[in-house]
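Asks: I am attaching a structure below and will ask some questions about it afterwards.
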Amino acid sequence: MEHNKALAADSIDVPQSEIRRRIFGMIWPATIENVLQMLVGIVATGMLGKIGAEAVSAAGLGNRITQLIWCLFSAIGTGATVLIARAFGAQDQQAAQRTAQQSMILALGLVGVMTVIIWFFARPLLVLLFKPQDDLLENAYIFLRIAVWGMPFMAVMQVVGAIMRGAGNTKTPMQIAFFVNIVNVAANYILIYGIFGSPALGMVGAAIAMLISQMVGAGLAIYAITRPLEVIQLSVRAKVETDAKEMKRILDIGIPAAFESLFWQFASIIMMGLIVTFGTNALAAHQLGLNAESLSYMPSAGFGIAATAFVGQSLGAGRLDLARRYVKEINKWGIILTIFTGGLLLLVPVQIMSMLSDEAEVIELGAIYLRLMGLVQIPQLISGILNGAMRGGGDTKAPMYIGGIGLWGIRIPFSFILSQRLGFGIVGVWLAMTLDLAMRFVLTFARYRSGKWKRALINDNQAMSEAC
């Protein structure tokens, strides 16, 4: 712990300009990575949108199943990021290496089992969760049976990214996302429309293109994490040894994040089942609107990642004051960015939707969605940053509880009330989503102001001091 104290002493008078430099050094690659990852879906959805609303809807239902599995990986990714950030703040390279190894073992073991299950039970799952019409069910089934094989490759990319972000490296995940996008755009164009001698495969081509790009991304991630120059280096030739205690530490921190994601995904399934009843155009408008909105809120996800990493590193160095300064500065710059990106949703929603669909009703409905979401972009941003800060401090249960209240206490019941009882249709669902995001902002802000995340930092540092 002597080194920890020295690190804290050296960083007492960190200039604000240095804090800003560190934040932007982490945020801009993380922001670009998130934008690039969302562009993968937007490009494919946009190309499918030119084919027809049913292709978009089928891909949306298929992807919703695979997204359920990412909830489980959020436990591993969150736990890995927080523990590795703490280890780096404490200058404990061995602890960081151990966390990275066990995170990868957990992820690969879990994804292998889930991939096989989904492949065998794809049709019953789609029927159970969405009850789509026969034509939509068949197309979604075909898409899912191909897309599911990309899950192991996505798991590798996601966990490697979480490991690197905990160590403060957001540039490498960004570079991987860049190459994944290039491959995805090219493969989609070739396979969906039948270019360069390829047959025009339509929706099936989109699923194959996604799988190819994920394979490339996993290969790049493995190469990156096994490089000798990498701060945390894993070896593919090393003997695989499981460490139950380390896995438990990862999951203790990450499981609340997994439940938070599960709340979201199951709520989304219920919402999707409701939206399907309003017709294919409403479902397509919702799906395209989600993708368009992501260009606004996904940049802010980089700010939440930075908050988690810097608060976690401050924990390792014993610097609560530094953690508060990081959060304040991250919030300031996040709001500045979101004023611009959220403004686009409010000012040019029709133009945005027109780039994704040629169908007038889909464009008109999607523009309503974007205007409503534009109103809550800043509250959504601040909630994401404060949740990231609380996770970095070890308070991962609060975001889980707040997410559950917002989704199950507001979004779902009000969606049914506004859309069916009061007759607002699909717009009623979107109004309920707006209310949910506003309430979550209020609850998150109140929790952060209570200071309980700071006490989590103090308790953890006391335990570390006793151990030393």
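The values are calculated or read from the model by the stated rules, or taken from the named source; none is laboratory data. What you see is a predicted model; the values in this text were computed from it and never measured. Using ideal geometry, Cβ is built from the backbone for each residue, glycine included, and neighbour counts are taken over all protein chains shown.
Asks: What number goes with the only condition from (1) among the hydrophobic types (A, V, I, L, M, F, W, C); (2) farther than 28 Å from L346 by Cβ; (3) surrounded by fewer than 24 Cβ atoms within 10 Å (Cβ to Cβ); (4) in contact with a Ser or Thr (Cβ under 7 Å, 6 or more places away or on another chain) that L274 does not pass?
Replies: Just one mismatch for L274, condition (2).
Asks: Do the conditions hold for V429, that is, is it among the β-branched types (V, I, T) and modelled with pLDDT of 95 or more?
Replies: no
Asks: Quick check: anything in segment 62-70 small (G, A, S), in contact (Cβ under 8 Å) with a residue 60 or more places away in the chain, closer than 23 Å to I208 by Cα and assigned to a helix (DSSP H, G or I)?
Replies: yes
Asks: Separate question: What do you reckon, is R371 buried (at least 24 other Cβ atoms within 10 Å of the Cβ) and basic (K, R)?
Replies: Numbers: buried (at least 24 other Cβ atoms within 10 Å of the Cβ): no; basic (K, R): yes.
No.
Asks: A further question on this structure: Identify, please: which residue in segment 432-468 is β-branched (V, I, T) and modelled with pLDDT of 90 or more and is, among those, surrounded by the most Cβ atoms within 10 Å (Cβ to Cβ)?
Replies: Among them, the one singled out is T444.
Asks: Turning to a different aspect of this structure: Just wondering, is there one or more residues in segment 353-371 that are touching a Phe, Trp or Tyr at 6+ places or on another chain (Cβ under 9 Å) and closer than 30 Å to W453 by Cα?
Replies: no
Asks: Within segment 182-201, track down each residue that is in contact (Cβ under 8 Å) with a residue 40 or more places away in the chain and surrounded by 19 or more Cβ atoms within 10 Å (Cβ to Cβ).
Replies: Within segment 182-201, N184, N188, I192 meet the criteria.
Asks: Give the residue, chosen from V111, V159, that is touching a Pro at 6+ places or on another chain (Cβ under 6 Å) and part of a helix (DSSP H, G or I).
Replies: V111
Asks: Looking only at helices (runs of 4 or more DSSP H) that lie completely in segment 266-383, which have at least 1 residues being under 22 Å from the mean Cα position of the chain (by Cα), over 30 Å from V14 (Cβ atoms) and touching a residue at least 12 places away in the same chain (Cβ under 8 Å)?
Replies: Correct list: 280-317, 320-347, 360-375.
Asks: In addition: Could you tell me which residue of segment 54-81 is surrounded by the most Cβ atoms within 10 Å (Cβ to Cβ), considering only residues that are under 16 Å from I305 (Cβ atoms) and of a type outside the set (G, A, S)?
Replies: Only one residue fits best here, namely T81.
Asks: State which residue pairs qualify: first residue assigned to a helix (DSSP H, G or I) and inside segment 47-60, second residue of a type in the set (D, E, K, R) in any location, beta carbons under 9 Å apart, and separation of 6 or more residues or different chains.
Replies: G49/D358; G49/E359; K50/D358; A53/E359; E54/D135; A58/D135; A58/E138
Asks: How many of the residues making up segment 102-124 are among the hydrophobic types (A, V, I, L, M, F, W, C) and under 20 Å from the mean Cα position of the chain (by Cα)?
Replies: Matching residues across segment 102-124 total 7.
Asks: Look through L322, L315 and report the one residue that is touching a helix residue (DSSP H, G or I) at 6+ places or on another chain (Cβ under 7 Å) and surrounded by fewer than 24 Cβ atoms within 10 Å (Cβ to Cβ). Reasoning before the result, please.
Replies: Values: L315 fails: surrounded by fewer than 24 Cβ atoms within 10 Å (Cβ to Cβ).
None of the other options fit; the residue is L322.
Asks: Further question on the same structure: Out of all the residues in segment 82-96, is one or more within 21 Å of the chain's Cα centre (by Cα) and either among the hydroxyl-bearing types (S, T, Y) or surrounded by fewer than 23 Cβ atoms within 10 Å (Cβ to Cβ) (or both)?
Replies: If we filter segment 82-96 for residues that are within 21 Å of the chain's Cα centre (by Cα), which is where we start, we get 82-85.
Then drop every residue that is not either among the hydroxyl-bearing types (S, T, Y) or surrounded by fewer than 23 Cβ atoms within 10 Å (Cβ to Cβ) (or both), which leaves none.
No, because not a single residue in segment 82-96 is within 21 Å of the chain's Cα centre (by Cα) and either among the hydroxyl-bearing types (S, T, Y) or surrounded by fewer than 23 Cβ atoms within 10 Å (Cβ to Cβ) (or both).
Asks: Considering each of A44, A59, A30 in turn, give the residue that is under 25 Å from the mean Cα position of the chain (by Cα), within 30 Å of V327 (Cβ to Cβ), of a type in the set (G, A, S) and at pLDDT 75 or above.
Replies: So the residue among A44, A59, A30 that is under 25 Å from the mean Cα position of the chain (by Cα), within 30 Å of V327 (Cβ to Cβ), of a type in the set (G, A, S) and at pLDDT 75 or above is A30.
Asks: Then there's this: With the checklist (1) part of a helix (DSSP H, G or I); (2) surrounded by 19 or more Cβ atoms within 10 Å (Cβ to Cβ) in hand, flag the one item P132 doesn't pass.
Replies: Answer for P132: the failing condition is (1).
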